[in-house]
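Readers should treat all values here as calculations from the given coordinates under stated rules, not as data from a laboratory. In this text the structure is predicted, and so the values were computed from the model without any measurement. Positions of Cβ are backbone-derived with ideal geometry, glycine not excepted, and every protein chain shown enters the neighbour counts.
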Amino acid sequence: MNSRSSLRTRLVSSPYVVWSILFIVAPLIFVVYYSFTNSSGNFTLDNISALSKYTPTFLRSIWFGIVATLICLVIAFPLAYIISQKTEKVQRTMVMLVMLPMWMSFLIRTYSWMAILQDTGIINSLLGKIGIGPIHMINTSGSVILGMVYNFLPYMIMPIYSVMAKLDHSMVEAAQDLGGNRLTVIRRCIIPMSMPGVVSGITMVFVPSVSTFYISQKLGGGSFDLIGDVIERQFQQSYNYNLGASLSLVLMVLILLCMAVMNRFTGDEEGMVI
């Protein structure tokens, strides 16, 4: 009986195993292979050595990603808390409103911000009517970060909300009964218990912010190269797949480090006794 159950389990899981091999494991193997070979297929470390000249680009990408992630966190945490305190009907409506922009194409959302921020755009047109401006907003670092925040904010809100919606409110009531004011309750109860969602949201926002390229091209006007822009050019224009793969490998390592940190913090929170 156990052998039949085991065979059934293997048969059911086999499509997922095949999918993982084809679309996860195999691409990663190709990335590693191209990173350490040249155009002739011979082993080389030249691609890794060439990464040093892209250090400013890596640092700029990481800095933009950190700033965008922090802004998303500052906006998302109170908003997720407010949503979690509403009735179930209101929660569903507010969650739908948060996710509504995600139903549109990523390209359309980014192009919309181009129309809003450019010198002859909607904002400057309104400012011109009251005698202010025009203010140059497009093709700046601020516009790039704004695009990141707008596009990736739901990825911060939803993990935090999903954790807050399941919080044990008896802990909050106990803290209030012991004389804790609202700020103390948030700092000592809600924030620690929400950390798994916070860490998950940070990872989900930081990783795409670091690796994005379309936002920086359209809202930055090509003036602020991010590592995603460099990778895209290596594959689409220079056809230097080896260097592009080595750059992608660095991003892969960065993603794995973020996931390791996330798992560590999540594990610590699960083991906490409040």
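Values for this structure:
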{"read-out": "Length added when fully stretched, LYS89-ALA26, from 0.36 nm per residue minus Cα-Cα", "value": "18.3 nm"}
{"read-out": "Highest average packing first - 85-91, 212-218, Cβ atoms within 10 Å", "value": "212-218, 85-91"}
{"read-out": "Segment 168-239 shape via C-alpha gyration tensor axes, a/c threshold 1.5", "value": "prolate"}
{"read-out": "Segment 102-258: relative contact order as a whole-number percent, Cα under 8 Å and 6+ apart", "value": "23 percent"}
{"read-out": "SER125-LEU107 pseudo-label distance in nm [points 7 Å out on the Cα-to-Cβ vector]", "value": "2.4 nm"}
{"read-out": "Residues with amide H under 5 Å from that of THR37, placed H, sequence gap 5 or more", "value": "THR44"}
{"read-out": "Projected label distance in nm at LEU11 and ALA174, using a 7 Å step from Cα toward the beta-carbon", "value": "4.9 nm"}
{"read-out": "Segment 1-107: relative contact order as a whole-number percent, Cα under 8 Å and 6+ apart", "value": "8 percent"}
{"read-out": "Mean separation of Cα contacts under 8 Å, 6 or more apart, over the residue count of the chain: relative contact order %", "value": "26 percent"}
{"read-out": "Cβ-Cβ FRET estimate between LEU51 and ARG264, R0 fixed at 25 Å, reported to 0.05", "value": "0.40"}
{"read-out": "Count of lysine pairs in the chain with Cα separation under 30 Å (8 or more residues apart, or interchain)", "value": "4"}
